[in-house]
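No lab work stands behind these numbers, since they all come straight from the coordinates. Remember, predicted model here, so these are calculated numbers, not experimental data. Here the Cβ is made from the backbone with ideal geometry for all residues, glycine too, and neighbour counts use every protein chain on show.
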Amino acid sequence: METLLPGFGLEQAMDVAKGGSYHFGFHANVDIATWLVQGKEREHLKYMMQGSLYNKAAINEADIEEYVQWYASPGGVRGCFEHYRAFLGDAEPNRGSAVSKLKMPVLALYGAAKDDTKILPQTLLAVAETVIGEGVEGSGHFIAEERPDYLAARLLDFFTTARSS
């Protein structure tokens, strides 16, 4: 949901020289990013989260404060950024694991209001035989926060249908 796989399209989204998003490289440089963001966790989170929302009311000030509490805790910022750093080493193992495609259906959800993840279903065809791609209307990057009822119903339907097939 809402991300490309390392080894299957994520590298292009990370390539700033080709229109990719700057935040991948910034966050992947863990030491510098941690040093620059510590003490400014609230500002960083608010900028990153609200800039990726279609429904700006989906994440409010109280929600931001909840995230900040954990983000600003010891190791919180660094742990978040390590996730981005790991992307750089995940491509090769992912490609190695994809020598045979997944047999079970894969649901690929992306925020319909965004352009950068609309290629998600096509990229997942490299690792799965059946990909059901769906843009979630009224949502940006944070589908669970922007359309929680829809997401819960869609997942329940997908897993119920997949299990009965």
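So in the chain, what percent of DSSP beta bridges are antiparallel if you round to the nearest 5?
10 percent
Round to a whole angstrom and tell me the spacing of the C-alpha centers of segment 48-83 and segment 116-142.
Rounded to whole Å, the Cα centres lie 24 Å apart.
Tell me which residues come under 5 Å, amide H to amide H, from ALA108 once H is placed; ignore anything under 5 positions away on its chain.
For ALA108, whose amide H was placed from the backbone, the distant partners under 5 Å are ILE132, GLY133, GLU134.
Take the residue pairs LYS18/LYS118; LYS18/LYS101; LYS56/LYS101 and return only those whose Cα atoms are more than 26 Å apart.
LYS18/LYS101; LYS56/LYS101
Considering Cα pairs under 8 angstrom that are at least six residues apart, work out the relative contact order of the chain and quote it in whole percent.
27 percent
Once you have all Cα-Cα distances for the chain, histogram them in 10 Å bins from zero and send the whole-percent values.
10, 31, 38, 19, 2, 0
Helices from the chain with mean Kyte-Doolittle at least -0.5 and a Cα length along the axis of 18 Å or more, per DSSP H: which?
Span-like helices here: 148-164.
If you place +1 on the Cβ of every Lys and Arg, -1 on the Cβ of every Asp and Glu, and leave all else neutral, what size is the dipole of segment 11-161 about its Cα centre, to the nearest 20 Debye?
300 debye
With a 10 Å radius around each residue's Cβ, average the other Cβ atoms per peptide and rank 85-98, 26-39, 129-142, highest first.
Taking the mean over residues of other Cβ atoms within 10 Å, the ranking is 129-142, 26-39, 85-98.
Show me 7-16, 150-159 ranked by packing, highest mean number of other Cβ atoms within 10 Å first.
7-16, 150-159
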